[in-house]
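Taking it in order: structure first as structure tokens, then the write-up.
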Amino acid sequence: MDFTYSAKLSALRQRLDAFMAEHIYPNETRHAAEIAAGDRWQPSAIIEALKEQARAAGLWNLFLQESERGAGLGNLDYAPLCEIMGRSEMAPEVFNCSAPDTGNMEVLERYGSAEQKRQWLEPLLDGRIRSAFAMTEPAVASSDATNIVTTIARDGDHYLINGRKWWATGAPDRRCRILIVMGVTDPHHPDRHQRQSMILVPKDTAGVMVPRALPVFGYDHAPTGHGEVSFDNVRVPAANLLLGEGRGFEIAQGRLGPGRIHHCMRAIGLAERTLEQMCRRVKARVAFGRPIAEQTVTLERIADARILIDQARLLVLKTAQMMDTHGNKAARAEIAMIKVAVPNMLCRVVDMAIQAHGAAGVTDDFGLGSAYAHARALRIVDGPDEVHRNQIGHIELRKYT
């Protein structure tokens with residue numbers, strides 16, 4: 001495997017690193033202060049201003065490889081850029097590379113009609129609106145998506161949607177204009193994976209309600225956040241259906257594969273920055289007559305963190321290369337592996353950093369509490385560890401039949 005950077009990627013990395021150093025890191029405190037003051041759900045002024053600068057710098061829609069509006073990068077080339085953006089919670093949105101919009105844009109690019117692209121993809125690519133993805137439900141174990149009970153029923157030239165979703169990232173955002181909703185169109189189809197479909201639902205449609213935002217360990221992630229969404233006789237045109245009835249699982253697999261690797265790429269960036277924080281902290285603190293950095297337990301933790309991060313990165317790069325060369329389906333075992341390995345790695349690295357910071361580690365002063373909440377949630381997001389481990393085990397056992 002050759003992970004050498006191309007000339008194009010090297011240039012993009014340098015420009016992105018420079019932008020992060022000049023515009024992102026110095027504005028993190030201001031961004032947090034903006035959100036903390038007054039209306040937390042008001043879009044951040046600094047984010048909106050930096051978006052224009054990122055676009056002008058040619059650092060826009062870097063994730064999108066199948067559109068002329070993207071950077072034309074494969075997963076392997078995008079990985080180092082995504083890792084850099086993952087170092088700051090505010091960064092991905094600045095470059096129009098944040099979830100769930102990235103996955104939703106890819107869905108529209110691959111599966112949307114010309115009119116659906118005109119109406120929804122174009123403003124998303126321009127960063128003028130935000131979106132949400134509504135798949136998980138509170139009433140059923142949604143790790144098995146065949147359990148989904150939200151209904152999408154044909155009614156003449158329209159569909160009627162009824163049900164409840166939650167953990168719809170982006171739904172509470174006031175800029176959210178469109179939701180991609182997965183529901184049941186044919187509950188009696190003999191193939192349970194062809195009972196579900198996906199449909200586009202404008203957020204302002206009558207009957208769509210976002211009754212609450214859902215915090216993660218107390219962090220509400222305003223102004224984007226995660227929301228519960230209810231659909232009460234929501235009527236949308238039949239033309240809003242994506243790809244066709246019974247194609248929901250097909251679309252979900254096309255969306256979740258890239259989404260999972262993007263999560264992992266960003267998580268490696270966060271792990272790297274966390275390790276940097278830990279190293280700086282232990283070199284600056286003295287306990288029992290010598291720097292904490294000289295304590296054997298500290299050295300072991302730093303070494304463990306470095307090993308874990310580099311192992312995870314190599315597995316992600318291998319997965320990205322397989323996705324580029326053999327397709328997402330051929331890389332399904334590797335995608336499942338990184339989805340287990342990387343969030344668990346990040347949990348361990350952040351936990352060690354918290355311990356190294358002592359009492360300061362559990363305050364908001366260093367961002368480690370937020371990082372840990374994010375890391376722990378990643379073990380459930382886009383499928384829990386158990387589902388991915390089962391898939392890996394089944395794939396491995398098939399080699400011996």
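Rule-based calculations on the coordinates, nothing more; no lab input. What you are looking at is a predicted structure, and each value in this text was computed from that prediction instead of being measured. We place every Cβ from the backbone using ideal geometry, glycine too, and count neighbours over all the protein chains shown.
Numbers below:
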| quantity | calculated |
| --- | --- |
| Length added when fully stretched, Glu68-Thr29, from 0.36 nm per residue minus Cα-Cα | 10.5 nm |
| Whether the chain is rounded, prolate or oblate, judged on the alpha carbon gyration tensor where a/c under 1.5 counts as rounded | prolate |
| Choice from Leu73, Leu108, Leu346 showing the highest fluctuation, given a GNM over the chain with Cα pairs closer than 10 Å | Leu73 |
| Cβ charges +1 (Lys, Arg) and -1 (Asp, Glu), total dipole of the chain, debye | 460 debye |
| Distance (nanometres) between label positions extended 7 Å along Cα→Cβ at Ala37 and Ser230 | 3.6 nm |
| Charge context of Leu256, other residues only, Cβ under 11 angstrom, K/R +1, D/E -1 | +2 |
| Gyration tensor (alpha-carbon) shape descriptor, the stretch 218-342, a/c threshold 1.5 | oblate |
| Choice from Ala284, Ala145, Ala57 with maximal GNM fluctuation in the chain (Cα, 10 Å cutoff) | Ala284 |
| ³J(HN,Hα), Karplus 6.51/-1.76/1.60, whole Hz, each residue of the stretch 254-271, x for Gly, Pro | x, 7, 6, x, x, x, 5, 6, 5, 4, 5, 4, 5, 5, 5, x, 5, 5 |
| Sites His158 and His188, calculated FRET efficiency, Cβ-Cβ separation with R0 22 Å, nearest 0.05 | 0.55 |
| Dipole magnitude (debye, nearest 20) for the stretch 130-242, charges at Cβ of Lys, Arg, Asp, Glu | 260 debye |
| Prolate/oblate/rounded label for the stretch 7-112 (Cα gyration tensor, a/c 1.5) | oblate |
| From phi via Karplus (6.51, -1.76, 1.60), per-residue ³J(HN,Hα) for the stretch 344-353 in Hz, x at Gly/Pro | 5, 4, 5, 4, 5, 5, 5, 4, 5, 5 |
| Charge dipole (the stretch 283-348, unit charges on Cβ, about Cα centre) - positive-most of Asn328, Leu317, Ala293 | Ala293 |
| Simple label model, 7 Å out from Cα along Cβ direction - His326 to Thr4, nm | 2.3 nm |
| Residue with peak Gaussian network fluctuation, the chain [Cα springs, cutoff 10 Å], from Ala375, Ala305, Ala287 | Ala287 |
| Table column - 3J(HN,Hα) (Hz), the stretch 303-311, Karplus curve with 6.51, -1.76, 1.60, x for Gly and Pro | 4, 4, 4, 4, 4, 4, 5, 5, 4 |
